[in-house]
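The values are calculated or read from the model by the stated rules, or taken from the named source; none is laboratory data. For clarity, every value in this text was computed on a predicted model and none was experimentally measured. Neighbour counts run over all protein chains shown; Cβ positions are idealised from the backbone, glycine included. These accessible areas exclude ligands, DNA and RNA; they are computed on the full protein's heavy atoms, side chains included. Shrake-Rupley method; radii C 1.70, N 1.55, O 1.52, S 1.80 Å.
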Amino acid sequence: MSATSTTATRPDARARIDAVADPGSFIEFGSTARHQTTAFGLDAKRPDGDGVVTGTVGIDGRTVGLFAQDPTALGGSLGPVHAQKIAMVMDRAARARTPVIGLLDSGGARIQEGIASLDGYGKIFFRNVRASGRIPQISVVLGPCAGGAVYSPALTDIVIMARDRAHMFVTGPRVVKAVTFEDVSLGDLGGADVHSTTSGVAHLVADDTDDALALARQVLGYLPSSAWDDLPLAPPRPPSGTAAVPDDHRQPYDVRDVIRGVVDADSVLELSAGHARNLVTAFARIDGSPVGVVANQPSVLAGCLDIAASEKGARFVRMCDAFGLPLVVLVDVPGFLPGTGQESSGIIRKGAKLLYAFAEATVPRVSVILRKAFGGAYIVMNSREIGADAVFSWPGAEIAVMGAEGAVDVLHRKAIAADPSSRAQLVEDYRAQAMRPDRPAEILSVDEIIDPADTRSVVAGTLAALRGAIEPGFRHDNLPQ
Ligand code: HXC
């Protein structure tokens with residue numbers, strides 16, 4: 001069957017399976033399963049397979065459970081038999097400890113089959129949760145995904161949307177209009193751009209179906225088959241760049257250039273790249289072995305942590321920990337974003353999620369402080385006392401309770417009021433005395449001050465030495481954040 005797909009021809013589920021699977025690897029089950037409902041004329045519409053194609057496929061030689069909803073059969077709508085087939089894929093995968101990929105394209109709960117359709121979703125959600133953190137679950141949204149149906153992808157580890165056809169929303173434009181009188185298009189309500197930027201629902205966006213399926217294969221290349229399995233290895237490659245930051249501590253830069261100077265060439269797959277851009281989360285490889293990279297992004301909000309970044313980072317850290325990916329953390333953070341907006345929206349409660357995720361993680365964890373690490377954000381970003389295995393600092397980094405200007409205004413308020421011209425010197429003195437990395441290195445908050453040019457070799461060597469710390473087995477779930 002052809003692996004090509006276009007929006008015009010609306011490919012069926014089997015073409016999509018061909019596009020994602022190793023050639024000839026698909027083993028189907030339930031191909032003749034059909035609903036038993038006669039109400040609303042449904043007895044005249046009983047397509048083989050009940051609108052979903054299910055089975056196992058090989059992806060790069062590894063077994064993966066797969067279901068593909070078929071929009072050409074009953075609109076891919078989900079009734080109890082359709083749901084039972086998906087549940088069986090998940091049960092088999094959980095038992096065999098293999099990943100599951102779902103290709104979603106459905107009109108949602110099959111209206112004619114009533115509450116049994118809703119219960120079908122319950123059956124799937126229950127299994128999503130019970131498998132969470134045990135086997136990787138990847139959702140590829142290739143068409144509509146409406147109503148409560150969106151909660152199955154939201155429970156899985158990675159959501160990929162195809163920009164040309166995918167829409168995800170709890171209530172569609174017509175209901176929105178009826179309830180709020182708001183006119184909104186499908187795309188503005190639940191298109192890939194909304195979910196990859198504002199809502200953060202989609203981790204990855206592809207232009208079309210084929211690219212989305214290729215991304216699903218790529219994602220699997222970073223994840224083990226289960227929490228009990230080893231990470232998949234690739235041939236090691238030297239980094240493509242050199243790790244460096246501007247000398248001027250106020251000058252913004254793109255931390256992704258630093259990441260490329262640390263990890264294997266062409267190994268970076270950034271997740272949630274358009275959402276909470278002040279924190280970069282990415283899969284990558286070092287010496288061929290997958291790692292999770294978390295890095296403050298000084299070019300957005302000066303790299304401050306805020307609510308969105310904390311939640312994005314927490315989910316990523318927990319996913320990496322669940323599946324045994326070591327964490328490489330590049331720190332350049334002036335603090336948590338100040339202001340009433342953040343405080344009243346719960347930066348205390350939500351910022352704690354990132355702190356919790358790092359402190360909970362048992363995989364090898366290495367931090368490198370590039371330029372600055374202040375206050376609570378210093379602690380949260382994988383610091384020594386919340387369990388980092390190793391913390392390195394570049395020589396010029398500033399590490400302190402707060403920035404110099406803020407500190408002298410507190411410490412020397414009266415002196416500065418009496419002589420405002422003294423402030424500049426006080427700031428300089430504070431910088432020299434309290435912000436250099438040799439102080440934290442003296443008390444082992446920093447293990448070693450390293451030459452930026454050595455970052456790759458130091459991080460790679462440290463991770464190699466810690467490899468035995470990755471304990472196979474179930475660690476925890478990947479709770480949505
Ligand atoms: C039964 C459905 C269906 C549904 C589509 N079909 N959705 N049948 N239940 N939910 C059928 C259509 O009747 C049609 O049948 C065929 O599938 C193709 O649908 P079309 O509308 O012709 O296709 P298209 O124009 O491409 O539009 C696709 C669509 C649209 C955007 C998905 O069908 C649609 O809006 N469907 C309803 C979406 C929705 O509101 N879902 C929420 C349901 S409630 P024929 O026989 O004419 O080919 C829900 C709650 C879940 O999901 C809660 C979980 C906890």
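Centre-to-centre separation between the Cα atoms of the stretch 74-100 and those of the stretch 437-481: 39 Å.
Solvent exposure of the stretch 145-295 amounts to 41 Å² per residue of accessible area, where only protein heavy atoms count and the probe is 1.4 Å.
Which net charge results when you count Lys and Arg as +1 and Asp and Glu as -1 among the other residues whose beta-carbon is under 12 Å from that of SER225? If you can, show how the numbers build up before the last one.
Working: positive: ARG62, ARG97, ARG134; negative: ASP60, ASP229, ASP230.
Charge balance near SER225 sits at 0.
Using the Cα centre of the chain as origin and beta-carbon charges of +1 (Lys, Arg) and -1 (Asp, Glu), tell me which of VAL459, ILE59, PHE169 is placed farthest towards the positive end of the dipole. Towards the positive end, the residue furthest out is PHE169.
Provide the packing ranking of 133-145, 93-105, i.e. peptides ordered by the mean count of other C-beta atoms within 10 Å per residue, highest first.
Final packing ranking: 133-145, 93-105.
Proximity of backbone amide H atoms, modeled 1.01 Å from N, is registered between ALA206 and MET161, ALA162, ARG163 at under 5 Å, excluding neighbours fewer than 5 places apart on the same chain.
Multiplying the residue separation of ALA178 and SER299 by 0.36 nm and removing their Cα-Cα distance gives an extension gain of 39.4 nm. A 1.4 Å probe over all protein chains sorts LYS350, LYS123, LYS414 by accessible area into LYS414, LYS123, LYS350, starting with the largest.
Assuming charge only on the beta carbon of Lys and Arg (+1) and of Asp and Glu (-1), the dipole of the stretch 168-214 about its Cα centre is about 340 debye to the nearest 20. Gain on full extension, evaluated as 0.36 nm per residue between LYS123 and ARG14 minus their Cα-Cα distance, stands at 36.8 nm. Neighbours of ALA352, meaning other residues whose beta-carbon lies under 15 angstrom from its beta-carbon, give a summed charge of +2 when Lys and Arg score +1 and Asp and Glu score -1. Counting only DSSP H runs of at least 4 residues, each contributing -39500 (n - 2.57), and dividing by the residue count of the chain, the helix-based mean residue ellipticity at 222 nm comes to -10000 deg cm²/dmol. Per residue, the stretch 69-116 exposes 35 Å² of accessible surface when a 1.4 Å probe is rolled over the protein heavy atoms with every protein chain present. Database remark: amide H of SER367 closer than 5 angstrom to the amide H of VAL329, ALA390, VAL391, PHE392 (H placed geometrically; neighbours at sequence offset of 5 or more, or on other chains; Pro and chain starts carry no H). To put it simply, the accessible area of the chain at a 1.4 Å probe is 55 percent carbon and sulfur. Under a model in which nothing but the beta-carbon of Lys, Arg (+1) and Asp, Glu (-1) is charged, the chain shows a dipole of about 1120 debye around its Cα centre.
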